[in-house]
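Take a look at the structure set out below.
Every number here is computed from the coordinates shown, using simple stated rules; none is lab data. This is a predicted model, so every value here is computed, not measured. All Cβ positions, glycine included, derive from the backbone under ideal geometry; neighbour counts span all protein chains shown.
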Amino acid sequence: MAVRTVGIALNGVTGRMGYRQHLVRSILAIRDQGGLRLDDGTVLMPEPLLVGRNPAKLKEIAQRHDLARWTTDLDAALADPTIEVYFDTQVTSARVAALRRAIAAGKHVYTEKPISETPEEAVELARLASAAGVRNGVVADKLYLPGILKLKRLLDGGFFGRVLSVRGEFGYWVFEGDWQPAQRPSWNYRTADGGGIVVDMFCHWSYLLEELFGRVSAVTARATTHIPTRWDENGEAYQATADDAAYAIFELPDGVIAQVNSSWCVRVHRDELVEFQVDGTEGSAVAGLRECVVQHRSMTPKPVWNPDLPATEDFRAQWQRVPDNAEFDNGFKVQWAEFLRHVVAEDPARAPFRHDFMAGARGVQLARLGLLSSAQGRRLDVPELAR
């Protein structure tokens, strides 16, 4: 059995997402399962090189997982001929420069979202990657959630008939940091550091809506900072300059309207932290992180509005749970496997990777237009991006 090693420079693994989801639950998990078996029987084995700014943290992570290679020198990592893939999960403000260097070094590039701070930078990265002939991708983890995969199964099977609308609710209460520590780093609430829920979440809503229903053609949004003062990791008060909630209407093909609320200032009264309700002429579904429930047209009750009497119906009990019918692996790991297969394929069309840099650019574009819509108080069309 032939083994094909792929060297991967992972930049930003000392951060929570880079360490937990990308290193431990993806790259190391693929190694632990014996690698990825390709169609020709070859086993693809990822070999990580940890990259970051803090040598003490890098060394500790490497020792914890028995990894031999780490460095604080990005240029040295990119000059290493054993490295084929560069992955970036740094703060957004540092991402574009590092991706440019990786592309110039001829490395295939994979990155967390948002790919950049502006759509112009994102399109430039896509152009550079295309000109250099390197394969490129952006993380789109929400598409691999079990609940969303079940929703996609329903859409592909024609369950809804004609889709009418989508309603999404995402968020939870992030503590201010004064009397309980915040669950998110303080940079998320400072515009200068790349924070804000629009920049964070509209990139997700872009690829998710596009994959399920089609590309967003127009957006109307209201972004706001509900909590202006928070406390950082050292217990110091600071002014929150970035938006912590956004309320948006996205227009989709065939007249489908999506309303999506995103908030770090909402207390959860849902079954899951994110839920999408899709209504169609033949049926409806509510999908979360893991579960999905449906109500078909033939089984839809006839509620009657009567505010003078208490409700007697258990509305939640009138829905049916969609069975798993499959094994659901970690979404980050599944997408890593797809990208690595794409990287080593002689013909990339035979192992396609849909979420390339242009898809990432559309996410950044939607976030910027969402902020502009909020600032101007009007509906904005989402034009086609030209490479």
Worksheet item: If you take the square roots of the eigenvalues of the alpha-carbon gyration tensor of the range 320-361 and sort them as a ≥ b ≥ c, do you get rounded (a/c under 1.5), prolate (a/b over b/c) or oblate?
Response: prolate
Item to complete: Select from N136, N54, N261 the residue whose mean-square fluctuation is largest in a Gaussian network model of the chain (Cα-Cα springs shorter than 10 Å).
Response: N54
Item to complete: Would you look at the GNM of the chain, springs on alpha carbons closer than 10 Å, and say which of G280, G157, G35 moves the most?
Response: G157
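Per residue, how big is the convex hull around the C-alpha atoms of the range 7-57? Give it to me in cubic angstrom, could you? List each step's numbers first, then the result.
Values: hull volume 3.7 nm³, N = 51.
Dividing the Cα hull volume of the range 7-57 by its residue count gives 73 Å³.
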Worksheet entry | Charge sum, other residues only, whose C-beta stays under 10 Å from A218's C-beta, Lys/Arg counted +1 and Asp/Glu -1 | -1
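Once you order the gyration tensor axes a ≥ b ≥ c over the Cα atoms, which shape class does the range 50-107 get: rounded for a/c under 1.5, otherwise prolate or oblate by comparing a/b with b/c?
Oblate, since a/c reaches 1.5 and b/c is not below a/b.
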Worksheet entry | Among M299, M17, M45: highest mean-square fluctuation, GNM of the chain, C-alpha pairs under 10 Å | M299
Fill in: the chain - mean residue ellipticity at 222 nm from DSSP helices (-39,500 (n - 2.57) per run, n ≥ 4, rounded to 500)
-8500 deg cm²/dmol
Worksheet item: Relative contact order of the chain: what whole-number percent is it, with Cα pairs under 8 angstrom and at least 6 residues apart?
Response: 20
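With +1 on each Lys and Arg Cβ and -1 on each Asp and Glu Cβ, and nothing else charged, work out how big the dipole of the range 1-54 is about its Cα centre, in Debye to the nearest 20. Walk me through the numbers before you get to the answer.
Working: 7 positive and 4 negative charges, 67 e Å.
Result for the range 1-54 is approximately 320 debye, rounded to the nearest 20.
Based on Cβ point charges of +1 for Lys and Arg and -1 for Asp and Glu, what charge dipole magnitude is obtained for the chain about its Cα centre, in debye rounded to the nearest 20?
Numbers: 45 positive and 50 negative charges, 51 e Å.
It works out to roughly 240 debye.
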Worksheet entry | the range 143-327: radius of gyration and largest Cα-Cα distance (Dmax), Å | 18.8, 57
Discussion item. Under 5 Å between amide hydrogens, which residues at least 5 positions from V256 or on another chain qualify, with H placed 1.01 Å from N in the peptide plane?
Written reply: none
Fill in: Whole-Å distance, taken between Cα centres, linking the range 161-223 and the range 370-387
16
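Say the cut-off is 19 Å between C-alpha atoms; which of K142/K333; K113/K142; K152/K302 go over it?
Values: K142/K333 12 Å; K113/K142 12 Å; K152/K302 27 Å.
As for pairs spanning more than 19 Å Cα to Cα, those are K152/K302.
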Worksheet item: Share of Cα-Cα pairs in the chain beyond 27 Å, in percent?
Response: 54
Worksheet item: What are the semi-axes of the equivalent ellipsoid of the range 222-275, taken as the square roots of 5 times the eigenvalues of the Cα gyration tensor, listed largest first and rounded to whole Å?
Response: 30, 15, 7
Worksheet entry | Dimensionless Rg/Rh of the range 142-238 - Kirkwood Rh, Rg from C-alpha atoms | 1.08
Item to complete: Return, ordered by residue number, the residues of the range 261-276 whose backbone nitrogen is under 11 Å from a label point located 7 Å along Cα→Cβ of A311.
Response: none
Practice prompt. Place a label point 7 angstrom from the Cα of E346 along the Cα-to-Cβ direction, then list the residues of the range 39-53 whose backbone nitrogen is under 18 Å away.
Written response: 39-44
Worksheet entry | the range 1-148 shape via C-alpha gyration tensor axes, a/c threshold 1.5 | rounded
Worksheet item: Can you run phi through the Karplus equation (6.51, -1.76, 1.60; θ = phi - 60°) for the range 70-87 and list ³J(HN,Hα) in whole Hz, with x for Gly and Pro?
Response: 7, 7, 9, 9, 5, 4, 5, 4, 6, 7, 6, x, 7, 8, 9, 10, 10, 10
Practice prompt. With everything on Cα atoms, drop me the angle between helix 95-104 and the longest principal axis of the chain, reported from 0 to 90° to the nearest 10.
Written response: 50
Worksheet item: Taking the Cα-to-Cβ direction at Q320 and at R153 and moving 7 Å from each Cα, how far apart do the two end points lie in nm?
Response: 1.3
Practice prompt. Take the alpha-carbon centre of the range 314-337, take the same for the range 1-33, and report the distance between them in whole Å.
Written response: 25
Discussion item. Cβ neighbours within 10 Å, averaged per peptide: list 140-153, 194-207, 165-178 in order, most packed at the top.
Written reply: 194-207, 140-153, 165-178
Practice prompt. Obtain the nm distance between the two label points defined at V91 and A2 by a simple spin-label model: each point lies 7 Å from its Cα along the Cα-to-C-beta direction.
Written response: 4.5
Worksheet, complete the sentence: Sorted by chain and number, the residues with a modelled amide H under 5 Å from that of E47, at a separation of 5 or more or across chains, are V6, G7, I8
Worksheet, complete the sentence: With the dipole of the range 139-184 defined by +1 on each Lys or Arg Cβ and -1 on each Asp or Glu Cβ, the option from G171, Y144, Q183 whose Cα lies farthest towards the positive pole is Y144
